[in-house]
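The values are calculated or read from the model by the stated rules, or taken from the named source; none is laboratory data. Quick caveat, the model's predicted, so the values are computed rather than measured. With ideal geometry, Cβ positions are generated from the backbone for all residues, glycine too; neighbour counts draw on all protein chains shown. In case anyone asks, the SASA skips ligands and DNA or RNA and just uses the protein heavy atoms, side chains included. Shrake-Rupley method; radii C 1.70, N 1.55, O 1.52, S 1.80 Å.
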Amino acid sequence: MTSNDPAYAATVAALRAAGCVFAEDEAGLVLADGRDLDDLLARRIAGEPLEQVLGWTDFGGLRIIVHPGVFVPRQRTVMLAEQALRFLPPEGVAVDLCCGAGAVAAWLSDRAPNATIYAADIDPVAVRCAHVNLGGCTVLCGDLFAPLPDALRGRVDVIVANTPYVPSDQVAFLPPEAREHEPRHTLDGGPDGLALLRRIAAEAPDWLRRGGHVLNEISASQVPAARDAFGDAGLVPSYRTNEDDGTTVMIGQAPVVRSS
């Protein structure tokens, strides 16, 4: 498909006029979809995320199904999955909280096929989508740890969570396609963006094995507050930052020896 193709050129022009920065790439994907072009183009021009228009996104080499109204997995979050894999034994146990479409759990399952993986989200719409992507995992609906079986307490090697970390007063400045097409609770992280991180940090020690790890994606500017939250929960904090785009993963390790 080239710029000399009339359909491609017209699609690029329409997307560019709508403000799509990567109009050429998007045009190729929309045209390759095979469904009604006018409908797909109208939805994208109206501001619906491309991933929801197509019904899928690439996440670290995996095709993840994305239903309308579900948070779109970000490419930067592959770093969170990669860091989680570092601490997941081949036959270990991992829990993906705030799983959304299940991208992180799916990536871990693909790389560690013998691990036992649970995924949970509070939104039934997201849980239905995650079920499509996570055939070999247990997918649960509920608030953070609440839906997990009690038998998992003290047995989890890795807890990973792509919690919302945008401060409430900054949500209004997000791109319209996020504000208007993704649920507010997947974007709004509370007054300083770390409301759910603190809740997870406080409960994680009850679920982790000795020496187990909990990981959250945050912004680089939130490291000091996140470090304090992990430390207050009795976790040993550390973090990794991608110098290219600023993506930061906060890591907390449960003590190797439990306090009496």
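A few remarks follow.
- When residues in region 128-165 are screened for being open to solvent by 10 Å² or more (accessible area, probe 1.4 Å), of a type in the set (A, V, I, L, M), within 26 Å of E82 (Cβ to Cβ) and out of contact with any strand residue (DSSP E or B) (no Cβ under 6 Å at 6 or more places or on another chain), 1 of them pass.
- Region 116-127 - residue that is open to solvent by less than 50 Å² (accessible area, probe 1.4 Å), touching a strand residue (DSSP E or B) at 6+ places or on another chain (Cβ under 6 Å) and not in a helix (DSSP H, G or I) and, of those, nearest to R198 (Cα to Cα): A120
- Failed item in (1) at pLDDT 95 or above; (2) under 16 Å from F71 (Cα atoms); (3) open to solvent by less than 70 Å² (accessible area, probe 1.4 Å); (4) of a type outside the set (S, T, Y), with H181 passing the rest: (1)
- Among residues of region 181-197 that are under 17 Å from A226 (Cβ atoms), none has a beta-carbon under 6 Å from a residue that is open to solvent by less than 10 Å² (accessible area, probe 1.4 Å) and at pLDDT below 95 at least six positions away or on a different chain.
- Test set (1) assigned to a helix (DSSP H, G or I); (2) in contact with a helix residue (DSSP H, G or I) (Cβ under 6 Å, 6 or more places away or on another chain) - H185 fails condition number: (2)
- Total residues in region 128-151, condition assigned to a strand (DSSP E or B) and free of Cβ contacts under 8 Å to residues at least 24 places away in the same chain: 3
- Just one residue in the set E82, E48, E24 is closer than 23 Å to T116 by Cα and among the acidic types (D, E); that residue is E82.
- Among the residues making up region 152-171, those that are assigned to a loop (DSSP other than H, G, I, E, B) and either of a type in the set (D, E, K, R) or free of Cβ contacts under 8 Å to residues at least 24 places away in the same chain (or both) are R153, R155.
- In this entry, V256 passes the filter for residues that are open to solvent by 40 Å² or more (accessible area, probe 1.4 Å) and of a type in the set (V, I, T).
- Test: residue in region 84-94 that is surrounded by 15 or more Cβ atoms within 10 Å (Cβ to Cβ) and under 27 Å from P183 (Cα atoms): yes
- If you filter region 1-18 down to residues that are hydroxyl-bearing (S, T, Y) and at pLDDT 90 or above, you find that the one that is least open to solvent (accessible area, probe 1.4 Å) is T11.
- Some residue of region 104-115 being more than 19 Å from G252 (Cα to Cα), open to solvent by less than 20 Å² (accessible area, probe 1.4 Å) and not hydrophobic (A, V, I, L, M, F, W, C): no
- Of all the residues in region 19-29, those that are of a type in the set (A, V, I, L, M, F, W, C), more than 17 Å from D58 (Cα to Cα) and either touching a Ser or Thr at 6+ places or on another chain (Cβ under 7 Å) or open to solvent by 50 Å² or more (accessible area, probe 1.4 Å) (or both) number 1.
- Across region 30-67, the qualifying residues are those that are touching a helix residue (DSSP H, G or I) at 6+ places or on another chain (Cβ under 6 Å) and open to solvent by 50 Å² or more (accessible area, probe 1.4 Å), and the one among them that is nearest to A126 (Cα to Cα) is H67.
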